[in-house]
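Colleague: Take this structure, written in C-alpha cells, and hold onto it; I'll ask about it next.
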Amino acid sequence: NAGVTQTPKFQVLKTGQSMTLQCAQDMNHEYMSWYRQDPGMGLRLIHYSVGAGITDQGEVPNGYNVSRSTTEDFPLRLLSAAPSQTSVYFCASSYSKGHLEQFFGPGTRLTVL
Amino acid sequence: GQQLNQSPQSMFIQEGEDVSMNCTSSSIFNTWLWYKQDPGEGPVLLIALYKAGELTSNGRLTAQFGITRKDSFLNISASIPSDVGIYFCAGQANDMRFGAGTRLTVKP
C-alpha cells in the first residue's frame, strides 16, 4: 500500500493563479480531509469528506474548493491564489470520521508570490 | 474556543535525557492524541487516549489524559537522536484541534 500520496511536493504560484493539489489514498478509507500548517499554529482543517460525493467545510474553508468523485481521490483547488495561502498542505484519511487515527500524506509546500 | 496551548515550543536536550511536554485547553476534550512529524513528512500517530486519567505507553513514550479532560502530557524517556522532530497534541470534541507543536532537538 502506498498510503496517502500528495502531488506536487512543492509549488510556487503568482497571485491570482489557480491550481489543484492532488491527494489519493489506497486504503479504502471513507474519511478524507485537508489541513494547512502555518508556523506557530496547529494544523487547521480546510475541508473534509465522509465519502464519495459528500464534502463539508472545516475551520478555514475560504478560498478553497474540494470534490470527492471517488473514494480514492480528494483534490483541493485554489481558484485564485493569494499570498495568505502560502502554507504547507496536508491531506489525511481515516476509516471513518469517528475513527480518530488519521494517516497523513507527506505534504505540499505552496508559496504564493 | 477549542484552542490548544502546547508547551514548550522547543526543547534542546542531550541524548539520554527524559523529555516532557504538555497541552492544555480551556475546553473539555473526549480524546487526546499525540503525533510526531519528521522533517518533510506528515504527522504520524504515536498514542491515542480515550478516557480521563488514562495512562498509555508506546515503547519509551508515555502519555496521560488529564483528569479534568482539559490537558494531556507526553513523556519520552532516555531520548535518542531519532526522537528529533515536531510533536503535536490533538484534542477531539466536536471536531479535532491541534496544538502548535513542540520542536525537539536531541544532541548526541
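Colleague: What's the average, rounded to a whole number, of partner chain beta-carbon atoms within 10 Å of each residue's beta-carbon in A:96-105?
Modeller: Taking the mean over all residues of the peptide, I get 4.
Colleague: Two-decimal Rg/Rh of chain B from alpha-carbon positions, Kirkwood Rh?
Modeller: Rg divided by Rh gives 0.96.
Colleague: Could I ask something else about it? Using only the alpha carbons, work out the radius of gyration and Dmax of the protein assembly as shown in angstrom.
Modeller: For the protein assembly as shown, the Cα radius of gyration and maximum Cα-Cα distance read 17.5, 50 Å.
Colleague: Across the residues of A:42-52, average count of Cβ atoms on other protein chains within 10 Å?
Modeller: Averaged over the peptide's residues, the number is 3.
Colleague: Distance cut-off 30 Å, Cα to Cα: go down the list B:51/B:107; A:14/A:97; A:97/B:51; A:14/B:36; A:14/B:107; B:36/B:107 and report the pairs above it.
Modeller: B:51/B:107; A:14/A:97; A:14/B:36; A:14/B:107
Colleague: What three numbers, in Å, describe the spread of the alpha carbons of segment A:21-113 along their principal axes, ordered from the longest?
Modeller: In descending order, the Cα extents are 36, 26, 21 Å.
Colleague: Using a 1.4 Å probe on the protein heavy atoms only, what accessible surface does residue A:55 show? Give it in Å² to the nearest 10.
Modeller: Accessible area, nearest 10 Å²: 60 Å².
Colleague: Considering only DSSP beta bridges where both residues belong to the protein assembly as shown, give the percentage that are antiparallel (nearest 5).
Modeller: Among the beta bridges of the protein assembly as shown, antiparallel pairing accounts for roughly 90 percent.
Colleague: Sort B:31, A:111, B:68 by heavy-atom solvent-accessible area, probe 1.4 angstrom, most to least.
Modeller: The most accessible residue leads, giving B:68, A:111, B:31.
Colleague: May I pose another question? Using each residue's phi in segment B:85-99, evaluate 6.51 cos²θ - 1.76 cosθ + 1.60 at θ = phi - 60° and report the 3J(HN,Hα) Karplus result to the nearest Hz, with x for Gly and Pro.
Modeller: Computed from phi, the couplings for segment B:85-99 are x, 10, 9, 10, 9, 9, x, 10, 10, 5, 9, 9, 10, 10, x Hz.
Colleague: How large is the Kirkwood hydrodynamic radius of segment A:16-69, counting all unique pairs of alpha carbons, in Å?
Modeller: About 12.3 Å, per the Kirkwood formula over Cα pairs.
Colleague: Sticking with this one: Once phi is turned into ³J(HN,Hα) by the Karplus curve 6.51 cos²θ - 1.76 cosθ + 1.60 with θ = phi - 60°, what whole-Hz value does each residue of segment A:86-95 show in order, with x for glycine and proline?
Modeller: Working through the residues one at a time gives 4, 5, 9, 10, 10, 9, 9, 9, 8, 4 Hz.
Colleague: Something else about it: Could you work out, residue by residue across B:63-76, how many beta carbons of other chains sit within 10 Å of that residue's beta carbon, and then give the average as an integer?
Modeller: Counting Cβ atoms of other protein chains within 10 Å of each residue's Cβ and averaging gives 0.
Colleague: Relative contact order (percent) for segment B:6-55, with alpha-carbon contacts under 8 angstrom and 6 or more residues of separation?
Modeller: 27
Colleague: Let me have the relative contact order for chain B, percent, based on Cα pairs under 8 Å that are six or more residues apart.
Modeller: Once normalised by length, the contact order is 37 percent.
Colleague: Between B and A, buried accessible area summed over both sides at probe 1.4 Å, in Å² to the nearest 100?
Modeller: The contact between A and B buries close to 1300 Å².
Colleague: What are the GluC sites (Glu not before Pro) within segment A:1-106 that DSSP puts in a loop, where the Cβ has at most 14 other Cβ atoms within 10 Å?
Modeller: Loop-located and lightly packed - A:101.
Colleague: What longest region of chain B stays clear of trypsin sites (Lys or Arg not before Pro) that DSSP places outside H, G, I, E and B and that have at most 15 other Cβ atoms within 10 Å?
Modeller: The segment B:1-50 is the longest one with no such site.
The values are calculated or read from the model by the stated rules, or taken from the named source; none is laboratory data. Everything numeric in this text was worked out from a predicted model, so none of it was measured. Virtual Cβ from ideal backbone geometry, glycine too; neighbours counted across all protein chains shown. What goes into the accessible areas is simple: the full protein's heavy atoms, side chains included, and nothing from ligands, DNA or RNA. Shrake-Rupley method; radii C 1.70, N 1.55, O 1.52, S 1.80 Å.
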